[in-house]
1. If you check Arg287 against the conditions, is it of a type in the set (D, E, K, R), assigned by TED's automatic domain parsing to the domain that holds Ala315, more than 28 Å from Gly225 (Cα to Cα) and exposed (fewer than 15 other Cβ atoms within 10 Å of the Cβ)?
2. Ser308: within 32 Å of the chain's Cα centre (by Cα) and either among the β-branched types (Val, Ile, Thr) or assigned to a helix (DSSP H, G or I) (or both), yes or no?
3. Can you run down the residue pairs with Cβ atoms below 7 Å, 6 or more apart or on separate chains, where the first is in the range 11-22 and surrounded by 24 or more Cβ atoms within 10 Å (Cβ to Cβ) and the partner is polar (S, T, N, Q)?
4. Which of the residues that make up the range 8-67 are more than 24 Å from Asn194 (Cα to Cα), in a loop (DSSP other than H, G, I, E, B) and either at pLDDT below 95 or more than 8 Å from the ligand (Cβ to nearest atom) (or both)?
5. Would you be able to tell me the number of residues in the range 141-183 that are closer than 20 Å to Trp356 by Cβ and either among the β-branched types (Val, Ile, Thr) or in contact with a helix residue (DSSP H, G or I) (Cβ under 9 Å, 6 or more places away or on another chain) (or both)?
6. If you check every pair at least six apart or on different chains, which have Cβ atoms under 8 Å apart with a residue in the range 40-63 that is free of Cβ contacts under 8 Å to residues at least 40 places away in the same chain first and a residue that is away from the ligand (no atom under 12 Å from the Cβ) and not basic (Lys, Arg) second?
7. Looking only at strands (runs of 3 or more DSSP E) that lie completely in the range 135-201, which have at least 1 residues being β-branched (Val, Ile, Thr) and over 30 Å from Ile240 (Cα atoms)?
8. Inspect the range 202-214 for any residue being in contact with a strand residue (DSSP E or B) (Cβ under 6 Å, 6 or more places away or on another chain), outside the structural domain of Arg366 (by TED's automatic domain parsing) and either among the basic types (Lys, Arg) or within 19 Å of Glu381 (Cα to Cα) (or both) and give the result as yes or no.
Amino acid sequence: MSTATVIGGGPAGLFAAETLARAGVDVTVHERKPSPGRRFLLAGHGGLNITHSEPRAPFLTRYGSSADRIAPMLERFGPDDLRAWCAELGEPTFVGSSGRVFPQAFRATPLFRAWLSRLGELGVRLERRSQWCEWDPEGRVLIADATGNTRAVETDVTVFALGGASWPHLGADGAWVGPFRERGVGVTELRPANVGLRVAWSDVFVERFAGAPLKNVSLSVRGSGAAPQRGDAMLTRTGIEGGPVYASGAAVRAALDAAASEGAPCVLEVDLRPDLDADQLRRRLERRRPKDSASTWLRRAVGLDPTSIGLLREADGGALPTEATEMAALIKAVPVTITDTMPIDRAISTAGGIAWSEVDEHLMLRRMPGTFVAGEMLDWEAPTGGYLLQASFSMGAWAADGALAWLGSDAAP
Ligand SMILES: Cc1cc2nc3c(=O)[nH]c(=O)nc-3n(C[C@H](O)[C@H](O)[C@H](O)COP(=O)(O)OP(=O)(O)OC[C@H]3O[C@@H](n4cnc5c(N)ncnc54)[C@H](O)[C@@H]3O)c2cc1C
């Protein structure tokens, strides 16, 4: 019987383990924490958004420049397969109003418990408090147990699924980057993704508007050419967060890099009325009654709420344009200067990771035949909406298939 060592007990690793065990491989999973799947379980706290129901073409665009690499993996194990898998585990799913898919229980715990018991039935051994450290000179993985004793593991095939570096106390802390780089594997810097942005709001603005939503706005990163992102954003004491902010992440990081090297600030432009163009806004704003204060004018003419008006004032240093054309232009692109992202340990996911050029079409490391990688440790990113977990599962299945193909090939030990 062939043996497989899976390192990392998150969704990518456990799904690779399940796929390998179903094919009759003797699988051991090593998880450094006392229990596996901590990030998966945390994801379930706000309602486990496991995948998305949108059609294949828009679904794929969520993976940006990695879409071509991920496309076949979604064919292999896509959103419908993931939903069927949940149902088989006794947790059917439903499509929420935004097209996001959730287990009916909404939480992750019942699904995860059923999954662990299935893995047990399939004969998968789960070694907890079992941490991969590096490789020994013969290329074997070195595993440390809870007491710190280290041993080399003999295995026919290895799948690494160590995650990124966000929420490090849950297990994935990016410590793997060093040893992988030492072996010559190209790893792009790990950076926060799906993360809030820092803004130096004035004290007055924070006192009044921290915690308030900006409803149905459209966000663009000035000069980036990236598609505007629409949805509800949330103002915080230290900046701004929410779906469209997270979805602007890659463009923001690029603009912050440019700001650091060239000095031009990173500016997020907030369109407060994305359903009206500047000309429509201007025409409405021209109907100002002489006695109207600025707030009344903006509320009556274009329906802005106090938070939106507060943001206009903040952007303009307190004063507001009095002329309709100027005001329309400001409403369409309120400039908000971004000073930084929030730190990676508060990010929902990680951008960067093992470069695609380092793996073959089966997710096997070119420099280490028989060693596969899956999940967030690879260099891809996606917005929230179920795309992260979906890709982690799909990559787990894909890497396991690759491992099986390799085990059956002449190259295998
Ligand atoms: C607050 C929050 C909410 C989220 N909500 C959603 C959501 O609703 N929908 C969605 O699609 N995604 C969501 N995500 C993202 C999703 O959880 C991740 O994309 C996904 O868990 C990545 O899976 P993975 O298996 O690649 O990595 P991980 O889940 O991070 O698993 C990696 C595992 O490897 C272990 N490990 C690391 N190093 C070692 C080592 N040296 N030895 C042994 N084990 C090791 C870790 O302990 C961990 O268990 C959320 C994330 C967060 C933080």
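1. yes
2. Yes; evaluated as a whole, the condition is true for this residue.
3. Within 7 Å, the pairs are Pro11/Ser392; Ala12/Ser392.
4. Once the filter is applied, which keeps residues that are more than 24 Å from Asn194 (Cα to Cα), in a loop (DSSP other than H, G, I, E, B) and either at pLDDT below 95 or more than 8 Å from the ligand (Cβ to nearest atom) (or both), the range 8-67 yields Ala23, Gly24, Val25, Pro34, Ser35.
5. Total meeting the criteria: 13.
6. Arg56/Leu74; Arg56/Gly78; Leu60/Ala67; Leu60/Ile70; Leu60/Ala71; Leu60/Leu74; Thr61/Ala67
7. Result: 141-144, 150-153, 157-160.
8. No, every residue in the range 202-214 fails to be in contact with a strand residue (DSSP E or B) (Cβ under 6 Å, 6 or more places away or on another chain), outside the structural domain of Arg366 (by TED's automatic domain parsing) and either among the basic types (Lys, Arg) or within 19 Å of Glu381 (Cα to Cα) (or both).
The values are calculated or read from the model by the stated rules, or taken from the named source; none is laboratory data. Predicted, not measured: the structure shown is a model, and the values here were computed from it. So basically every Cβ, Gly included, is an ideal-geometry build from the backbone, and we count neighbours across all protein chains shown.
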